[in-house]
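J.: Sharing a structure here in structure tokens format.
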Amino acid sequence: MVSISGLSPWAKLGDRLALGGKDPIMAEVVALHGDRTEAMPFGSPAGLGYGDHARLLPAGPALPVGPGWLGRVVDPQGHPIDGRGPLPPGPRLMPLHADPPAPGTRARLGPRLDLGVRALDLFATCRQGQRLGLFAASGVGKSSLLGMLARDAACDVVVLGLVGERGRELREFIEDDLGPGGMARSVVVCATSDASPLLRRDAAFAAMAVAEHFADQGLHVLLLIDTVTRFAMALREIGLAAGEPPATRGYTPSVFAALPRLLERAGPRADAQVGMITGLFTVLVEGDDHDEPVADAVRGILDGHVVLDRRIGEGGRYPAIDVLRSLSRTVPGCLAEAEWALVRRARGVLSVAAEMADLVRLGAYRRGTDAAVDEALALAPRIESLLAQGKSEPRCGVAESFARLAAALEVGDAGG
């Protein structure tokens, strides 16, 4: 934190400052205390000293987004970090901090969206403009799943916001998970874990601003932010430095005020003629606790949640989606009656098989005791095999996924 005197009549919360003379350091006003203005630098404050000048910048943070940003990697301030030269400026500036569309004028959700991941298309079917949360602990395959979505989802543009990622993982994700085809239609906004909390916070807002630009051009945008948890952690650092009292598990009250301001900007736009932003937001649950404060708050804002389970991944099935704990709130509006019947039956089969797993493993259940259990034990492995999907597998559409699920539920071929 940097304490500044002489700005109190003009400075406001959120204003940007230039600190120092020859090579000024960018900072943001985060607190006002009488005649003192408290600012947090975007970079290292090394070199600043008593008597250095602070200058208020005239405009708020905004990005000159344009079509030339596709296929590029930028930081939250719009500077290219992929070594491919400067970015061509777009026709207008997109503000980082904007209001969500008015709820009374917002368009309805669009048709069913083909995500290209069978487990999601079958058991957490998504519509255009929906917002889903991907809840998982570390090392369960979130990045691989995001790469599959970015490559295979039926959308026009993909915007990825990587918040607090490890520096070495950026190129690995782009080259291995995303691939040239996925990168060609994507814009990646990245702030690594060593960046200041202001930059890590702004990575999510910048990704949202980029998505809003392309949606305003009439395109369907898939917005992937990884992770909302690190966004909340950055907000916590800023709030504590500004003097906010810690509340739930050390998170300051401003964290829970900022989450809906970010997440509500995704979805259908106010004009039905423009595009939509379908948002998938990952949540890093600490210690596999899916009821921790950030996860609980995000789950209440979004239109559904997808749970990735470490035990499923350890068993060798990827993506490690626990379909029984995953839910899309828009499923009744995007599935035909026959499809909905297939999903209900498959969920019932998996539920019975999960309940009987321990008894079967101990040898305490004998086949023939209960017909429903026998059927579930015969069909569940076939459903699990259908849910397994490698990164290099050919794309599978929604219609094909339901056809394969129907075939997996054919009792006559179940072999038991």
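J.: From the list T248, T229, T252, which one is within 17 Å of the chain's Cα centre (by Cα), under 18 Å from V294 (Cβ atoms) and not small (G, A, S)?
T.: T229
J.: In addition: Please verify whether segment 91-109 includes one or more residues that are crowded, with 16+ Cβ neighbours inside 10 Å and in contact with a Phe, Trp or Tyr (Cβ under 7 Å, 6 or more places away or on another chain).
T.: So far as segment 91-109 goes, yes, one or more of its residues are crowded, with 16+ Cβ neighbours inside 10 Å and in contact with a Phe, Trp or Tyr (Cβ under 7 Å, 6 or more places away or on another chain).
J.: Which of the residues that make up segment 58-97 are in a loop (DSSP other than H, G, I, E, B) and hydrophobic (A, V, I, L, M, F, W, C)? Write out each step before concluding.
T.: Our first condition is that a residue be in a loop (DSSP other than H, G, I, E, B); within segment 58-97, this holds for 58-61, 64-66, 70-71, 75-79, 81-93, 96-97.
Of everything in segment 58-97, those that are in a loop (DSSP other than H, G, I, E, B) and hydrophobic (A, V, I, L, M, F, W, C) turn out to be A59, V65, L70, I81, L87, L93, L96.
J.: For segment 301-325, give me the residue count where each residue is surrounded by 13 or more Cβ atoms within 10 Å (Cβ to Cβ) and closer than 19 Å to G139 by Cβ. Step through it out loud before you land on a result.
T.: Let us first name the residues in segment 301-325 that are surrounded by 13 or more Cβ atoms within 10 Å (Cβ to Cβ), namely 301-310, 312-313, 317-325.
Among the residues that remain, those that are also closer than 19 Å to G139 by Cβ are: 306-310, 312-313, 317-322, 325.
Residues in segment 301-325 being surrounded by 13 or more Cβ atoms within 10 Å (Cβ to Cβ) and closer than 19 Å to G139 by Cβ: 14 in total.
J.: Filter segment 110-140 for residues that are among the polar types (S, T, N, Q) and open to solvent by less than 10 Å² (accessible area, probe 1.4 Å) and give the result. So that I can check it myself, show each step before the final result.
T.: Going residue by residue through segment 110-140, those that are among the polar types (S, T, N, Q) are 125, 128, 130, 138.
If the condition is that a residue be among the polar types (S, T, N, Q) and open to solvent by less than 10 Å² (accessible area, probe 1.4 Å), then T125, Q130 are the ones that fit.
J.: Out of the residues in segment 93-105 meeting the condition of being touching a residue at least 40 places away in the same chain (Cβ under 8 Å) and small (G, A, S), tell me which one is nearest to V331 (Cα to Cα).
T.: Among those that are touching a residue at least 40 places away in the same chain (Cβ under 8 Å) and small (G, A, S), it is A102.
J.: I'd like to check which helices (runs of 4 or more DSSP H) are fully inside segment 106-221 and have at least 3 residues that are free of Cβ contacts under 8 Å to residues at least 60 places away in the same chain and on the phi < 0 side of the Ramachandran plot.
T.: Working: elements: 118-123, 142-152, 169-172, 179-184, 197-216.
The helices (runs of 4 or more DSSP H) meeting that bar are 169-172, 179-184, 197-216.
J.: Could you please find all residues in segment 273-330 being more than 21 Å from L113 (Cβ to Cβ) and in a strand (DSSP E or B)?
T.: Residue satisfying the conditions is L284 alone.
J.: In this structure, does M276 turn out to be open to solvent by less than 10 Å² (accessible area, probe 1.4 Å) and under 24 Å from H305 (Cβ atoms)? If you could, list the steps in order and put the result at the bottom.
T.: Numbers: open to solvent by less than 10 Å² (accessible area, probe 1.4 Å): no; under 24 Å from H305 (Cβ atoms): yes.
Considered against the rule, which asks whether it is open to solvent by less than 10 Å² (accessible area, probe 1.4 Å) and under 24 Å from H305 (Cβ atoms), M276 comes out as no.
J.: Give segment 222-233 a look and list any residue that's outside any strand (DSSP E or B) and surrounded by 24 or more Cβ atoms within 10 Å (Cβ to Cβ), or say none. Steps first, please.
T.: Taking segment 222-233 and keeping what is outside any strand (DSSP E or B), we get 227-233.
Once the filter is applied, which keeps residues that are outside any strand (DSSP E or B) and surrounded by 24 or more Cβ atoms within 10 Å (Cβ to Cβ), segment 222-233 yields T227, V228, R230, F231, A232.
J.: Something else: For the structure I just gave you, tell me whether R151 is over 17 Å from A266 (Cβ atoms) and in contact with a Cys (Cβ under 6 Å, 6 or more places away or on another chain).
T.: Numbers: over 17 Å from A266 (Cβ atoms): yes; in contact with a Cys (Cβ under 6 Å, 6 or more places away or on another chain): no.
Here the answer is no, as R151 does not meet what is asked.
J.: Further question on the same structure: If I filter segment 356-372 for residues that are of a type outside the set (D, E, K, R), touching a residue at least 60 places away in the same chain (Cβ under 8 Å) and more than 16 Å from T125 (Cα to Cα), do I get at least one hit? Full working, then the answer.
T.: First pass over segment 356-372, keeping only residues of a type outside the set (D, E, K, R): 356-357, 359-360, 362-365, 368-369, 371-372.
Applying the additional criterion that residues be touching a residue at least 60 places away in the same chain (Cβ under 8 Å) yields none.
Within segment 356-372, not a single residue is of a type outside the set (D, E, K, R), touching a residue at least 60 places away in the same chain (Cβ under 8 Å) and more than 16 Å from T125 (Cα to Cα).
J.: Can you pull out the residues in segment 238-249 that are touching a Ser or Thr at 6+ places or on another chain (Cβ under 9 Å) and part of a helix (DSSP H, G or I)? Don't jump to the end; show me each part of the working.
T.: In the first step, residues of segment 238-249 are kept if they are touching a Ser or Thr at 6+ places or on another chain (Cβ under 9 Å); the result is 238-240, 242, 244-246.
Passing the criteria: I238, G239, L240.
J.: Ok, one more. For segment 338-396: of the residues being among the acidic types (D, E) and not in a loop (DSSP other than H, G, I, E, B), which is most open to solvent (accessible area, probe 1.4 Å)? I'd like the intermediate steps shown before the answer.
T.: Applying the first criterion (among the acidic types (D, E)) to segment 338-396 yields 339, 355, 358, 370, 374-375, 384, 393.
Add one more test, that the residue is not in a loop (DSSP other than H, G, I, E, B), and what stays is 339, 355, 358, 374-375, 384.
On the way: E339: 35, E355: 132, D358: 97, D374: 22, E375: 63, E384: 70 Å².
Ranking the candidates gives E355 first.
J.: Of the residues that sit in segment 255-270 and are surrounded by 14 or more Cβ atoms within 10 Å (Cβ to Cβ) and in a loop (DSSP other than H, G, I, E, B), which one is farthest from the chain's Cα centre (by Cα)?
T.: Top of the filtered list is R269.
J.: Hey, can you tell me all the residues within segment 46-72 that are basic (K, R) and within 35 Å of the chain's Cα centre (by Cα)? First the steps, then the outcome.
T.: Step one: of segment 46-72, the residues basic (K, R) are 55, 72.
Correct list: R72 only.
J.: Could you grab me the full set of residues in segment 220-229 that are at pLDDT 95 or above, of a type outside the set (V, I, T) and under 19 Å from V74 (Cβ atoms)?
T.: L222, L223, L224
The values are calculated or read from the model by the stated rules, or taken from the named source; none is laboratory data. Bear in mind the structure is a predicted one, so any value in this text is a computation, not a measurement. Using ideal geometry, Cβ is built from the backbone for each residue, glycine included, and neighbour counts are taken over all protein chains shown. To get the accessible areas, we keep the full protein, side chains included, count just its heavy atoms, and leave off ligands, DNA and RNA. Shrake-Rupley method; radii C 1.70, N 1.55, O 1.52, S 1.80 Å.
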